[in-house]
Amino acid sequence: MSRVGPTLTALATGLILAMLALILGHVTVHGWSVVTWGFLSGGAEEGLFTVGRSGIFPMLFGTAARVILMTLLVIPAGVITAVYLNEYAPASGRLTRWVRGAVNHLAGVPSIVFGLFGLGFFIGFVGAGLDDWLRPGAVQPYWAGEGLLWASATLAVMTLPVVVVATEEALRAVPAGLREASLALGATRLQTIIRIVLPHSLSGILTGSILAIGRAAGEVVPLLFTGAALYVSRLPGSLNDKFMDLAYHVWVLCTQSPDIDQTKPLLYGTVLVLLGLTLSLNLVAVVIRARISRNPQATP
Amino acid sequence: MSDADSVTTPPSPPPAKPPWHDLARGRVARPGEWLVEKGIFAVSLTAIVMILLIFVFVGREALPILLGQADSAAARVQRILPPEDVDRMTPSELRAALGLSRRKFAARSLEEQKAALKEIYAVRAEADRNGAEAIPDKDSEVNTVGWRYLILPHQWTGYSRPEFIWQPVSQIQKFNVVPLLVGSLKVTLVAVLFALPLALGAALYVSQFASRRLRAWIKPAIEMLAGVPSVVLGFFALFVLAAALESVFAFQSRLNAFVAGIALGVAIIPVIFALAEEALSAVPRGYVEGALAVGASRWQAAWGVALPAAWPGVFAAVVLGFGRALGETMIVLMASGNAAILSWSLFDSSRTVTATIAAELGEVVFGGHHYRVLFLLGTLVLAVSFVANLVADGVMNRLRRRLASSS
Amino acid sequence: MATTDLTNPSAVARRSPSGDADSPNAPLIEIEGLSLYYGPSAALRNITLSIPERLVTAFIGPSGCGKSTLLRCLNRLNDAVENVRIEGTVRIGGCDIYSPGVDVTELRKRVGMVFQKANPFPKSIYENIAYGLRVRGLRDRKLMDGIVERSLRSAALWDEVKDRLHASALGLSGGQQQRLCIARAIATRPEILLMDEPASALDPVATSKIEDLILALKQEFTIVIVTHNMQQAARISDYTAFLNQGELIEFNTTSRLFTNPAKQETEDYVTGRFG
Ligand SMILES: Nc1ncnc2c1ncn2[C@@H]1O[C@H](COP(=O)(O)OP(=O)(O)OP(=O)(O)O)[C@@H](O)[C@H]1O
Ligand SMILES: [Mg+2]
């Protein structure tokens, strides 16, 4: 038993890593030849399912748009929350515990619930409220419909914990001596945070943002009811436009294709691009984090 | 100027200093900064507010059904008032009866609105007279969104015995959630049973046997697995796993709970691994070394000492993995087959709660019964994962404290 | 003046050093009945003492006796620590710095501090010195250059770093880093300078440079210094306070405290026969 046990655990580890390798390898082998410049830069002028013609540029654009918008919303909220927790809140206070608990629970809410929330809150409540207020008398809903803004806002709520946790970790790694030195020089708490603490934790904030982006880029479910579309003829030009999306497109190619075997190359190409995107984001985050933990002082 | 000079002579005569009593400047010496700090505080409440809003706005849509106030039968048999009563109505009663927004109601005069309502009642009365003769169906009397019909079997017209039926798109909508719950349970169970041995084995290996260098590679690699989008795992299950498993097991239906469960298991391996590994690594070195010192093998020390010490962590990992698996949508939507039929067989096509919401919410009437039942299911998923989170969190916190104090 | 019963706070308060023959300076900092608790445990107990203006006052005592804690009470740096409770009063120039209306930031602008462990910011040498000026809103580049140079010269560091002012401060040696921290603290011209074992991690050469520096700075600043090193206290300080286990055992001019201590405990400590 003393030999068998460790071998079995090593085997389990190997099996898990093999799954990752298998998925990566399979997708790469089948998708490699499909991902050409034409595929990346082409659109859906000749339909979504024309092998050799249909491209994924509008989907890449849509994904980029929703992710950038989400980042603009979630980074300030997440960083400020982490700053409050780590720099202002009393460590044992009740409110601190509540905020931490809420962040934790937010991380555990299933993505389908975020979809319902986006529909019920952002579209059905905020959007409808905006329409009543800004455009009384209009028949067509403007804000009370699916669109880029609400999809991004929903994703921002979903990824808030990722940013908070990573930022807090970075803030905790700032040596107490630096804060005290700044305070002792007559800097206020806020000045200390802005001039010393935040610059020092920049790479941690970056890690959190990248992880959040990676997570959001691959998410489909919250988009189902908040803004992603099977097909739109134009790139999204305003905040309430529906958009095509890379991850959503994988789902479309899997389920809506008129002839699944024939359109498989498109599917593999799209999956390869999506997987490459999300995994390289994760990889970057992992590398930055490893460098921080190896050498916490070296960060500027 | 030489260096020695500058050290011994002060650079310049000190300027006149303000008296020390100037320090007392009142509580809010810097109003701008005070405001910014209040702002920081306000923003930090975002997470709490969002959690509350999620519960409110998901639960709100399901509330009428939860409280048993929705009645599908009543909606079918609508109230009809004689014209004199319509004439006596106040404007707000009239607006409610017409179901119009304030804006739309104001667009026409009161008289026009009354005429419109009388017209509606006349048409409805006509339809009722015709309909009553046409189909005397006992199903149409049933409040299909009542608790009884959501959970218990019912013998619908044309069925030979009471059954659990989820059939939201039909003349009489049937919302029995049991087939979906069973579907979710089956898939989740397969996922946890598949993921647990692998994740736990890996956690044991990484925390007890692997060298530091190896650990530094394996942990990020397993984290990468968590970075694989679930739509990609769903795709993989649909095109690769389903075919591979079919050739081994020879299923009736190519997509089924088993295929979806395995793919879902891959998705929750990183979740279980992370918690179990954290708990195992938190076990003080002294425990294991003590066992080794009295002649236990490394395996005996890991299995007999470290694992029992970290047991609550493993439990928390399983609970959290269960919660994640139950809430996962894309994989099951793509790989489970989606037949909403009550069956305990793992190899039948099955449909889960989350997949049902994802597949059907796009086509429902906003605010209708189907819509509300889907939100009810969403509330259920939210509640279960919330509880799973709460339990896992509580257990892990207690374990961390205990292991920290005993090391 | 004879040493008085130091366990009686009122006696100490009356026995102000200003009346002393060899120090014409008036008391600037008056600590009265100061106790400090970290959670339930007391780190300082009922400390009463007066620190004269423009002289060097040293705090000595065994490790963990509360020297740093007492020093940090003078610029209210303990405020930021969780679960701290402070009783008693600290007056600087007659102003009770713990009274509710006091602006802590303003206080710290006038009471500079140098820490036990050199803690330069991970910025350039120049930016380290300029930091205190920038947070005060100074923008004028010319003026800033002048102050940076003057501060570095005062800290006897100018010649060593003048060619690499814009290089990272983390590239300096330990002794240079500590002198940089001193330069940073004096750049803003505080009136009081608190120094927490500024030379504890340094070699003898760097230590003597810093000691020279302290003697030079005393013309302009009121200096309170914590030190482990008895010889150092004897060399640079005018007054010395001996603390043990959170209590002030004895406070007197340095020469008296070392040559003619009133308490057996003090004598044991200064002669190295302690505990
Ligand atoms: N942040 C803190 N929380 C709890 N206790 C503390 C804290 N800081 C200091 N203490 C305790 O207060 C007592 C006094 O500490 P202080 O740092 O003032 O000692 P010190 O005299 O400066 O020692 P040293 O010469 O080693 O620097 C010590 O017993 C220490 O453990
Ligand atoms: Mg100290």
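A Förster radius of 30 Å combined with the Cβ-Cβ distance from C:His228 to B:His21 puts the calculated FRET efficiency at roughly 0.25.
Simple spin-label estimate for C:Asp140 and C:Ile86 gives 3.4 nm between the two label positions (7 Å along the Cα-to-Cβ direction from each Cα).
Residues considered: A:Val174, A:Val163, A:Val109. Largest GNM mean-square fluctuation over chain A, using C-alpha springs under 10 Å, is found at A:Val109. Under a model in which nothing but the beta-carbon of Lys, Arg (+1) and Asp, Glu (-1) is charged, the range C:130-255 shows a dipole of about 720 debye around its Cα centre. Apolar share of the accessible surface for the range B:178-406: 65 percent from carbon plus sulfur atoms, 1.4 Å probe. Under the convention that each Lys and Arg Cβ holds +1 and each Asp and Glu Cβ holds -1, the size of the dipole of the protein assembly as shown around its Cα centre is about 720 debye. What's the center-to-center distance, using Cα atoms, between the range B:229-263 and the range B:165-187 in Å? Cα centroid of the range B:229-263 versus Cα centroid of the range B:165-187: 22 Å apart. Using a probe of 1.4 angstrom and keeping all protein chains present, the accessible surface of the range C:9-270 works out to 36 square angstrom per residue. Between B:Val177, B:Val123, B:Val271, the residue with the greatest mean-square fluctuation in the GNM of chain B (Cα pairs under 10 Å linked by springs) is B:Val123.
Ignoring ligands, DNA and RNA, what percent of the 1.4 Å accessible area of the range C:205-275 is carbon and sulfur? Please report the intermediate quantities before stating the final value.
Details: 1310 of 2910 Å².
Here carbon and sulfur together make up 45 percent of the probe-accessible area.
Across the range B:207-215, coupling constants 3J(HN,Hα) worked out from phi with the 6.51/-1.76/1.60 Karplus curve, θ = phi - 60°, read 7, 10, 10, 5, 6, 4, 5, 5, 4 Hz, and Gly and Pro carry x.
Backbone amide hydrogens, once placed in the peptide plane, bring C:Phe59 within less than 5 Å of C:Ile225, C:Val226, C:Thr227, C:Ala241, excluding anything fewer than 5 places away on its chain.
Over chain C, Cα pairs under 8 Å with separation of 6+ residues give a relative contact order of 25 percent. Relative contact order, whole percent, for the range B:178-406 stands at 31, derived from Cα pairs under 8 Å and 6 or more residues apart. Residues of the range C:152-169 buried by at least 50 Å² of accessible area upon assembly of all protein chains, compared with the chain on its own (1.4 Å probe): C:Arg153.
With the full set of protein chains in place, find how many percent of the accessible area of the range A:218-289 is carbon and sulfur; take the probe as 1.4 Å.
Numbers: 1470 of 2520 Å².
Answer for the range A:218-289 is 58 percent, counting heavy atoms of protein chains only.
Among B:33-43, B:316-326, A:70-80, how do they line up from the highest to the lowest mean number of other beta-carbon atoms within 10 Å?
Working: B:33-43: 13.9, B:316-326: 25.8, A:70-80: 20.9.
With the highest mean Cβ count within 10 Å placed first, the list reads B:316-326, A:70-80, B:33-43.
Holding the Cα-Cα limit at 23 Å, pick out from B:Lys17/C:Lys123; B:Lys17/C:Lys109; C:Lys117/C:Lys209; C:Lys142/C:Lys162; C:Lys123/C:Lys162 the pairs that are longer than that.
Check vs 23 Å cut-off fails for B:Lys17/C:Lys123.
Under a Cβ-only charge scheme (Lys and Arg +1, Asp and Glu -1), can you give me the dipole magnitude of the range C:102-165 about the Cα centre, in debye to the nearest 20? Each step should come with its number before you reach the end.
Details: 14 positive and 9 negative charges, 33 e Å.
Dipole of the range C:102-165, to the nearest 20 debye: 160 debye.
For C:Glu250, the amide hydrogen comes within under 5 Å of the amide hydrogens of C:Phe242, counting only partners 5 or more places away or on other chains and with H modelled in the peptide plane. Determine the shape class of chain A: with a ≥ b ≥ c the square roots of the Cα gyration tensor eigenvalues, call it rounded for a/c under 1.5, and otherwise prolate if a/b is greater than b/c, oblate otherwise. In terms of gyration-tensor shape, oblate. Pairs of Cα atoms nearer than 8 Å and 6+ residues apart set the relative contact order; for chain B it is 19 percent.
Using a 1.4 Å probe on protein heavy atoms only, how many Å² of accessible area do B and A hide from each other, summed over both chains and rounded to 100? Please list the in-between numbers first.
Details: alone 24360 and 16340 Å², together 34170 Å².
Buried area between the two chains comes out at roughly 6500 Å².
Compute the FRET efficiency between B:Leu214 and C:Asp159 as 1/(1 + (r/R0)^6), taking r as their Cβ-Cβ distance and R0 = 45 Å, and round to the nearest 0.05. Don't skip to the answer; put the middle values down first.
Details: r = 51 Å, r/R0 = 1.13.
So, using R0 = 45 Å, E works out to roughly 0.30.
For the range A:195-237, backbone nitrogen atoms closer than 20 Å to the point 7 Å from A:Ser293 Cα along Cα-to-C-beta are found at A:201-215.
Evaluating 6.51 cos²θ - 1.76 cosθ + 1.60 at θ = phi - 60° for every residue in the range C:29-42, the Karplus couplings come out as 10, 10, 9, 9, x, 7, 10, 9, 10, 9, x, x, 9, 7 Hz, glycine and proline recorded as x.
Calculate, for chain B, the solvent-accessible area per residue in square angstrom, rolling a 1.4 angstrom probe over the heavy atoms of the protein chains.
Details: 19930 Å² over 407 residues.
Value returned for chain B: 49 Å² of accessible area per residue.
B:Ser336: net charge of surrounding residues, Cβ under 13 Å, Lys/Arg +1, Asp/Glu -1, itself excluded? Intermediate values should be presented prior to the final figure.
Values: positive: B:Lys186, B:Arg254, B:Arg351; negative: B:Glu328, B:Asp348.
Taking every Cβ under 13 Å from that of B:Ser336, the sum is +1.
The residues of the range A:175-226 expose on average 25 square angstrom of accessible surface per residue, using a 1.4 Å probe on protein heavy atoms. With the charge dipole of chain A set up from +1 on Lys and Arg Cβ and -1 on Asp and Glu Cβ about the Cα centre, the Cα lying farthest toward the positive end among the listed residues A:Leu85, A:Gly43, A:Leu155 is that of A:Leu85.
Considering only C:Val111, C:Val81, C:Val90, the mean-square fluctuation computed in a Gaussian network model of chain C, springs between alpha carbons under 10 angstrom, is largest for C:Val81. Label positions at C:Gln264 and C:Lys117, each projected 7 Å from the Cα along the C-beta direction, are separated by 3.9 nm. When the charge dipole of the protein assembly as shown is built from unit charges on Cβ atoms (+1 for Lys and Arg, -1 for Asp and Glu) and taken about the Cα centre, the candidate among C:Trp158, A:Ala247, B:Gly68 whose Cα reaches farthest toward its positive end is C:Trp158.
Candidates C:Thr105, C:Ile92, C:Val56 compared by Cα position along the dipole of the range C:9-270: farthest toward the positive end lies C:Thr105, with charges placed on Cβ.
The label-point distance for A:Leu95 and A:Gln256, in a model that sets each label 7 Å from Cα toward Cβ, rounds to 4.7 nm.
Couplings 3J(HN,Hα) for the range C:60-70, derived from phi with the Karplus relation 6.51 cos²θ - 1.76 cosθ + 1.60 (θ = phi - 60°), are 10, x, x, 4, x, 7, x, 4, 4, 4, 5 Hz, where x marks Gly and Pro. Placing R0 at 45 angstrom, the Cβ-Cβ distance between C:Ser99 and B:Ile341 gives a FRET efficiency of 0.05 after rounding to 0.05. Axis angle, to the nearest 10 degrees, between helix C:204-217 and the longest C-alpha principal axis of chain C: 80 degrees. For chain C, the longest principal axis of the alpha carbon atoms and the long axis of helix C:174-187 meet at an angle near 90°.
The values are calculated or read from the model by the stated rules, or taken from the named source; none is laboratory data. None of these values were measured; they are calculated from a predicted model. Glycine also receives a Cβ, built like all others from the backbone with ideal geometry; neighbour counts cover every protein chain displayed. Ligands, DNA and RNA are excluded from the accessible area calculation, which covers all protein heavy atoms including side chains. Shrake-Rupley method; radii C 1.70, N 1.55, O 1.52, S 1.80 Å.
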